[in-house]
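Right, one structure below, let's go through it.
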Amino acid sequence: MLPPITGVAAGVPFTALRPAVVGPAPLIVTWHMLDAPRSDAAFAAALPMDGLPAWRVHLGMPMCGARMVDGSMDAGLELMREDVLMSVLHPFVLQASGEFPAALESIRAQLPVDDGPVGVLGGSLGGAVALRVLADTRIPVFAAAVVNAAIRMRSVVGLFPGDYPYDAESEKAVDDMDFVTKADVIAGRAPLLVVSGERDHPGLRADAFDLVEASGSRAELLSIPGLAHPLADEPGIEPAPQLPLAREVDAGLTAWFRRHLTGAGSPGSGER
């Protein structure tokens, strides 16, 4: 197996895995978790989706992996202590989704990917990025998937200790990232696979069921027995051997994207 390709696309670090075909191929883009695996390289090792006739390009989230400050997560943890919603969760999703169009253009300039619709995949907070790409942009997408995703940001805030002091600004921010309320838009953009571990946080799991129900026939739920929230062991920054439960998730994602790749070259709406 050929080694991953690492690089930077419009300022965003990436780890790219080659397709199982020769020549230009479709593209699947991913955003990793803030839990383990918490870097693009580690996420690529946990969910490589080997054997797909598509490039899998794993993008780095803000302040993670190659973008850590002074080589550690300490700066990000300090921001969480300052204000978990308005200093970390909300701006990280806005930045990662906002920098995606330029990163996509750069990836296409660097790698032999085709110019058709892309696949998108996100885990945990990266799931909110993938859902925002669907809900709030016009980048053509042939299929999407999320794993233990931040579907309602209010549920994610609730995982942290204490009562969050919502004000008008933070209420608006958290409501803007309630993707169940945007299910009709998401369903109209691309078929969606919602992967949920049976041992994930109860609120996140409930949100997964709600998103699938609200999305109708365009969404499917894949429930993974025994899976908690992370997909890798700590510290989750460097690539590590794939865990058995991550292998189950990987198999489901591979089958999902393989099913939809036949339509990847169909025309899509214009980019915004």
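Read the figures in this text as sums done on the coordinates, not as results from a lab. Predicted, not measured: the structure shown is a model, and the values here were computed from it. Positions of Cβ are generated from backbone atoms using ideal geometry, with glycine treated the same way; all protein chains shown enter the neighbour counts.
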To the nearest 20 Debye, how big is the dipole of the range 92-245 about its Cα centre, given +1 on the beta carbon of each Lys and Arg and -1 on that of each Asp and Glu? 340
In order over the range 83-99: 3J(HN,Hα) from phi, Karplus 6.51/-1.76/1.60, θ = phi - 60°, whole Hz, x for each Gly or Pro, gives 5, 4, 7, 7, 9, 10, 4, 5, x, 4, 5, 4, 5, 5, 6, x, 8
The chain: antiparallel DSSP beta bridges as a percent of all, rounded to 5: 30
Given contacts defined as C-alpha pairs under 8 Å and at least six residues apart, what's the relative contact order of the chain, whole-number percent? 23
Using only C-alpha positions, report the orientation-averaged shadow area of the convex hull of the chain, nm², one decimal. 13.2
Under unit Cβ charges (Lys, Arg +1; Asp, Glu -1), what dipole magnitude, rounded to 20 debye, does the range 5-263 have relative to its Cα centre? 940
How high is the FRET efficiency between L77 and E220 when r is their beta carbon distance and R₀ equals 35 Å, given to the nearest 0.05? 0.50
Radius of gyration and Dmax over the Cα atoms of the range 1-137, both given in Å: 14.6, 48
Using the alpha-carbon centroid of each, what span in Å lies between the range 142-160 and the range 1-45? 21
Put a dot 7 Å past each Cα toward the Cβ at V8 and F160; how far apart are the dots in nm? 2.9
Put in order of increasing Cβ neighbours within 10 Å, starting from the fewest, M153, M73 give M73, M153
A correct Kirkwood calculation over the Cα atoms of the range 161-263 returns a hydrodynamic radius in Å of 15.8
Give the relative contact order (percent, whole number) for the range 99-174; include only Cα pairs under 8 Å separated by 6+ residues. 26
Among 167-180, 89-102, how do they line up by average Cβ neighbours within 10 Å per residue, starting with the highest? 89-102, 167-180
Which ordering of R189, R67 is given by a fewest-first count of other beta-carbon atoms within 10 Å? R67, R189
Among F209, P244, G188, the residue whose Cα sits farthest towards the positive end of the charge dipole of the range 117-272, when +1 is placed on the Cβ of each Lys and Arg and -1 on the Cβ of each Asp and Glu, is G188
